[in-house]
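Working notes for the structure below.
The values are calculated or read from the model by the stated rules, or taken from the named source; none is laboratory data. Values in this document were obtained by computation on a predicted structure and should not be read as measured data. Heads up, the Cβs are rebuilt from the backbone with ideal geometry, glycines too, and the neighbour counts pull from every protein chain shown.
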């Protein structure tokens, strides 16, 4: 068979397997394809399409484990993630978790009819309906003159002309600023805009200097429509990921509360939600300097700075998980090594739900990844299966925010 024919045959078998084709011949053929290193890329592409939930039983795990072994042999860099050491000692789930992690976490590995001992179904109050992610792009843009634009009400095209820049909404639903006057030449005062996202919505923005910004739910960024002067400065709340356009003559600065992140050209993430108490700056590429009062900390790729309001201390995490920090940007919840409060804050923001704890906050560790397209009941069941924590959903009435009750 030619490589193209092999990939087509693999896709047919994979589709049959996902739909329940667990006969011996199908499994044997899939395992044989897993032994072909030329199909490693095709396997990864297929696994990115795995639906949620994924049926994982013993026979499925045999195939997934074989693919995982082949991929880590073919692509040595994947071995560095050491996924299996982070997971529960449930063999048939661990292999599935490993491969779904490598594929981007688009399915949650533990969603199966084989529930661990002691787990129960998610309960809902009478009249409560399941909650889906909003995905409605209900971001708003406040212009320099105070006018507010609901971006979901605009299709595409020019939104405004302001102080040397034109504001556009692309066909992909992104916001883009194009500077019409050269940098450093405008004599007009800088005009500032603010982009805000509500719970359940994220948004992408291209600044006038070519810097790309991804804004997570319940976040904001205030920025000049055109950069003038000797620096480029923006202010954020909530969480944002930056891919900064390099310009050594005009350094880029991000203000977050009483701290400043100074960069030249780099990729980094800032998480500064008030309810999370700790601000996290994670560097993926380039270099940034975190400034808090008289303290300064230079970050290198793969490092993270932790700090909070009210004091100037900055803590360095020398080996941070950059992929976990930006999982939200890629449409994934990454709950590995996070406490229940941090996890539930993310759930509450994305599904627009109030989080209420009955009694003491559970201390059980959270493990897992899942798509942010997962419905709420499925997401909570996933957490329940791995942590033993129980949840109850109470729907909001008359457009009120619903509630998730966390039970010990």
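Only residues that are over 24 Å from residue 369 (Cβ atoms), under 22 Å from the mean Cα position of the chain (by Cα) and not in a strand (DSSP E or B): list them for the range 288-307, please.
300
Within the bounds of the range 169-186, is there any residue that is under 30 Å from the mean Cα position of the chain (by Cα), modelled with pLDDT under 90, loosely packed, with under 12 Cβ neighbours inside 10 Å and more than 25 Å from residue 401 (Cβ to Cβ)?
yes
Residue-by-condition table, conditions (1) surrounded by 19 or more Cβ atoms within 10 Å (Cβ to Cβ); (2) at pLDDT 95 or above:
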| residue | (1), (2) |
| --- | --- |
| 233 | no, yes |
| 263 | yes, no |
| 266 | yes, no |
| 272 | yes, yes |
| 276 | no, no |
| 283 | yes, yes |
| 306 | no, yes |
| 316 | no, yes |
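Matching residues to (1) under 30 Å from residue 161 (Cβ atoms); (2) assigned to a loop (DSSP other than H, G, I, E, B); (3) within 23 Å of the chain's Cα centre (by Cα):
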site	(1), (2), (3)
238	yes, no, yes
242	yes, no, yes
247	yes, yes, no
268	no, no, yes
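Inside the range 385-408, can you point out the residues that are under 22 Å from the mean Cα position of the chain (by Cα) and more than 16 Å from residue 339 (Cα to Cα)? Before the answer, list the steps.
Step one: list which residues in the range 385-408 are under 22 Å from the mean Cα position of the chain (by Cα), which gives 385-387, 404.
Matches in the range 385-408: 404 only.
Anything in the range 368-384 that is surrounded by fewer than 19 Cβ atoms within 10 Å (Cβ to Cβ) and under 20 Å from residue 339 (Cβ atoms)? List them, or say none.
Those that are surrounded by fewer than 19 Cβ atoms within 10 Å (Cβ to Cβ) and under 20 Å from residue 339 (Cβ atoms): none in the range 368-384.
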